[in-house]
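Each remark here refers to the structure printed beneath this line.
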Amino acid sequence: MSSRPLMSSFYDRVSHIMPEAEWLSHEDDFLAILELKRARNAVILAHNYQTPEIFHGVADIVGDSLALARKAIEIDADVIVLAGVHFMAETAKLLNPGKTVLIPDMEAGCSLADSITPEDIELLRQTHPGVPIITYVNTSAAVKAVSDICCTSGNAKQVVESLGVPKVLMIPDEYLAQNVARETDVKIIAWHGHCEVHELFHAQDVRDLREAYPGVVVLAHPECPPEVVAEADFAGSTAVMSDYVGNKKPARVVLLTECSMSDNIAQQHPEVEFVRPCNLCPHMKRITLSNIRQALEENRYEVTVDPAIAVAARRAVERMLAL
Ligand code: 13P
Ligand code: SF4
């Protein structure tokens, strides 16, 4: 039986952002993944930065880091494939340890996660005794394990204020910490990690965009430098930016974040004009339909967390989720 009717029915999900010939070029992998998901009782969790054929095609659950963590807890399937980066897969494993968690490419890392080690945290504790450490989820499980509580870009201010203390350490994203500091009276001590994608945006880019595209609404991810966020109209996590576009439906918008984000939202809002300067995350882009298929065929690469680390790391993540 021809698979074309199935491919064509799925094409409606990406028709605004992808030529049909491009969609059809994914046919082999796409159909194989649908079958493998069924055969292996697997679900695919995809971050908002995944390419449209993953995000709108094979993913079962999509979202920002916070949503993916929350959803991971509820998953009943035997296998979770994390279409995203390594810390996201580790977080899913921490929260649902009985499942097989696969990441299609072990090299899908994150410059923030690479910027700090558990030893750095111990030094920070010695330098700032008694100051709680809030750790962005974009970190290894080993770093989470020596932290007090986690946060994401979607709840960072809420986490800071929940602790009821005058001073906190927020690691490792310096810009996220500085952006939250502008919105709270709590004193925030930052680390010097940066997202290699969002640090490339500059305040002058915002001015240039406003001049070139009159009326454009500028949305920025809080991993952008504070001077960029200050000139933007709104800042929020990837899910919060998506909600902003859905609720306000600006005539013209630019998202200062990873490139796939605009593609994925544009499909849902054909009436909105998306202006497209963006930066690619090389880690997110390591995930493809082809290696998702291989992950399911060959059960690779399984993400595990040392049990000695997992208990404490899970505590920091669950403390955040309980808020
Ligand atoms: P979100 O939590 O906003 O999805 O961000 C994750 C991330 O890696 C941003 O660069
Ligand atoms: Fe890490 Fe930045 Fe890539 Fe997000 S976009 S995974 S923070 S390097």
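None of the figures in this text is laboratory data; all of them are computed from the coordinates on show. Please read these numbers as outputs of a predicted model, since none were measured by experiment. When we count neighbours, we look across all protein chains shown, and the Cβ atoms used for this are built from the backbone with ideal geometry, even at glycine.
Determine the sum of side-chain charges near C150: Lys and Arg each +1, Asp and Glu each -1, restricted to other residues whose C-beta is under 13 angstrom from that of C150.
Numbers: positive: R70, K144, R314, R315, R319; negative: E90, D148, D173, E318.
Cβ neighbours under 13 Å give a net charge of +1.
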Simple spin-label estimate for E35 and E271 in nanometres, 7 Å along Cα-Cβ: 4.2 nm
Positive dipole terminus of region 102-197, leading residue within I188, L176, A145 (C-beta point charges): I188
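Charges at C-beta only: +1 for Lys and Arg, -1 for Asp and Glu. How large is the resulting dipole of region 165-323 about its Cα centre, in Debye rounded to 20? Let's see the in-between values first.
On the way: 16 positive and 23 negative charges, 66 e Å.
Magnitude of the dipole: close to 320 debye.
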Proximal aspartates and glutamates to K187, defined as alpha-carbon separation beneath 17 angstrom and excluding residues fewer than eight positions away on the same chain: D148, E161, D173, E174
Candidate aspartates and glutamates for bridging to K285, where Cα separation is under 13 Å - those fewer than 8 sequence places away on the same chain excluded: E53, D105, E107, E258
Pair K248, V311: separation of 7 Å Cα→Cβ label points (nm): 4.7 nm
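What shape does region 57-121 have by the C-alpha gyration tensor, where a ≥ b ≥ c are the square roots of the eigenvalues, rounded means a/c under 1.5, and otherwise prolate means a/b greater than b/c and oblate the rest? Don't skip to the answer; put the middle values down first.
Values: a/c = 1.92, a/b = 1.63, b/c = 1.18.
Taking the square roots of the gyration eigenvalues as a ≥ b ≥ c, region 57-121 is prolate.
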Cα shape, region 16-76, gyration tensor, a/c 1.5 rule: oblate
Where the Cα pairs of the chain fall when distances are cut into 20 Å bins, in %: 32, 57, 11, 0
Square roots of five times the Cα gyration tensor eigenvalues for region 1-148, Å: 37, 16, 11
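What does the net charge come to around L94 if you take all other residues with beta carbon closer than 15 Å to its beta carbon, with K and R at +1 and D and E at -1? List each step's numbers first, then the result.
On the way: positive: R70, K71, K93, K99, K144, R314, R315, R319; negative: E74, E90, E302, D306, E318.
The answer is +3.
Where does the chain land at 222 nm, in deg cm²/dmol rounded to the nearest 500, when only DSSP H runs of n ≥ 4 count, each adding -39500 (n - 2.57), divided by all residues?
Numbers: 15 runs with 139 residues, N = 323.
That calculation yields -12500 deg cm²/dmol at 222 nm.
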Lysines with Cα under 19 Å of K93, excluding same-chain neighbours fewer than 8 positions away: K37, K71, K144
Lys/Arg +1, Asp/Glu -1 at C-beta; region 197-323 dipole; positive extreme among V275, G215, S237: S237
Cα shape, region 218-323, gyration tensor, a/c 1.5 rule: oblate
Antiparallel DSSP beta bridges within the chain, as percent of all bridges there, nearest 5: 5 percent
The chain: Cys lacking any partner C-beta under 4.7 angstrom: C110, C150, C151, C195, C224, C281
For region 277-293, 3J(HN,Hα) per residue [Karplus equation, 6.51 cos²θ - 1.76 cosθ + 1.60, θ = phi - 60°, Hz, x = Gly/Pro]: x, 7, 10, 7, 8, x, 6, 4, 6, 6, 8, 9, 4, 5, 7, 5, 4
Summed side-chain charge close to L82 - residues other than L82 whose Cβ falls under 13 Å, Lys, Arg +1, Asp, Glu -1: +1
Size of charge dipole - the chain - debye, nearest 20, with Cβ of Lys, Arg +1 and Asp, Glu -1, no other charges: 740 debye
For region 64-181, size of Cβ-based charge dipole, Lys and Arg +1, Asp and Glu -1, in debye: 360 debye
